[in-house]
Amino acid sequence: MLEGIVRESIGKKSSKALRRDGYLIANIYGKGLENISAAFKVNEFIKEARKKETLAFDVKVGGKVYNVVIVDYQRDVVTNDLKHVDLKVALPGVVSKYMIPVKPFGTPIGLKNKGVLIQSKRRIAVKCTAENLPNSFDVDVSKLDIDDTILVRDIKVPAGVSMVEADRVAVLGVIKAR
């Protein structure tokens, strides 16, 4: 389990000092919870984020364990180092909005006909409880030919999950290469 520290001072000076010591600045928030300013060791956070098997994972901050989902992160423009991360607490029984990754699999027919697979949506917004939270939307693209698209309405949604995106939005498609 990933362990972090609670930050007492939230100023720019203290954030720079923590980053210099190898920490990643994080905000933890959720419905009905007070925001928590935390810091994690950068390398430990990256290892934990890569090895997680579900979208939500546990972190321990200030003696309490939170089941969190990575909402957003910021990287340094020059060095590409991780600078900041926003974590949302996945509260059981509370309906909340989450961004679920889209993972295409298979080889489209259109690639043989000089087409290119385009993924216009990498993540799709859904509303659900923490218990119904899907890890990803696995989409089969093997039947796509040139000018075929998969829309939000074509993606199979598990029970207890509702799409926030409009059903006519394109997620994946094959276009003719120039």
Residue tally, condition open to solvent by less than 80 Å² (accessible area, probe 1.4 Å) and under 21 Å from Glu53 (Cα atoms), over the range 101-111: 3
The lone exception for Gly11 - which of (1) under 24 Å from Val94 (Cα atoms); (2) free of Cβ contacts under 8 Å to residues at least 40 places away in the same chain it fails: (1)
Residue in the range 116-128 that is in contact (Cβ under 8 Å) with a residue 12 or more places away in the chain, under 17 Å from Ala159 (Cβ atoms), outside any strand (DSSP E or B) and among the hydrophobic types (A, V, I, L, M, F, W, C) present: no
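Return the residues of the range 17-43 that are without any contact (Cβ under 8 Å) to a residue 12 or more places away in the chain and either surrounded by fewer than 11 Cβ atoms within 10 Å (Cβ to Cβ) or at positive phi (or both); say none if nothing qualifies. Before you say what the answer is, go through the steps one by one.
Filtering the range 17-43 for residues without any contact (Cβ under 8 Å) to a residue 12 or more places away in the chain gives 17, 20-21, 34-35.
Within the range 17-43, Arg20, Asp21, Glu34, Asn35 qualify.
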The range 7-37, subset in contact with a Ser or Thr (Cβ under 6 Å, 6 or more places away or on another chain) and of a type in the set (A, V, I, L, M), residue farthest from Arg75 (Cα to Cα): Ile10
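Tell me yes or no: at least one residue of the range 159-168 is hydrophobic (A, V, I, L, M, F, W, C), more than 24 Å from Ala56 (Cα to Cα) and open to solvent by 20 Å² or more (accessible area, probe 1.4 Å).
Step one: filter the range 159-168 for residues hydrophobic (A, V, I, L, M, F, W, C), giving 159, 161, 163-164, 166.
From what is left, the residues that are more than 24 Å from Ala56 (Cα to Cα) are 166.
Cutting the leftovers down to open to solvent by 20 Å² or more (accessible area, probe 1.4 Å) gives us 166.
Yes: the range 159-168 contains one or more residues that are hydrophobic (A, V, I, L, M, F, W, C), more than 24 Å from Ala56 (Cα to Cα) and open to solvent by 20 Å² or more (accessible area, probe 1.4 Å).
Residues checked against (1) of a type in the set (A, V, I, L, M, F, W, C); (2) open to solvent by less than 30 Å² (accessible area, probe 1.4 Å); (3) over 16 Å from the mean Cα position of the chain (by Cα):
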{"residue": "Met99", "(1), (2), (3)": "yes, no, no"}
{"residue": "Asn113", "(1), (2), (3)": "no, no, yes"}
{"residue": "Val126", "(1), (2), (3)": "yes, yes, no"}
{"residue": "Asp138", "(1), (2), (3)": "no, no, no"}
{"residue": "Leu144", "(1), (2), (3)": "yes, yes, yes"}
{"residue": "Thr149", "(1), (2), (3)": "no, no, yes"}
{"residue": "Ile155", "(1), (2), (3)": "yes, yes, yes"}
{"residue": "Ala170", "(1), (2), (3)": "yes, no, yes"}
{"residue": "Lys176", "(1), (2), (3)": "no, no, yes"}
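The values are calculated or read from the model by the stated rules, or taken from the named source; none is laboratory data. Keep in mind that what you see is a predicted model, and the values were worked out from it rather than measured. When we count neighbours, we look across all protein chains shown, and the Cβ atoms used for this are built from the backbone with ideal geometry, even at glycine. Heavy atoms of the whole protein, side chains included, go into the accessibility calculation; ligands, DNA and RNA do not. Shrake-Rupley method; radii C 1.70, N 1.55, O 1.52, S 1.80 Å.
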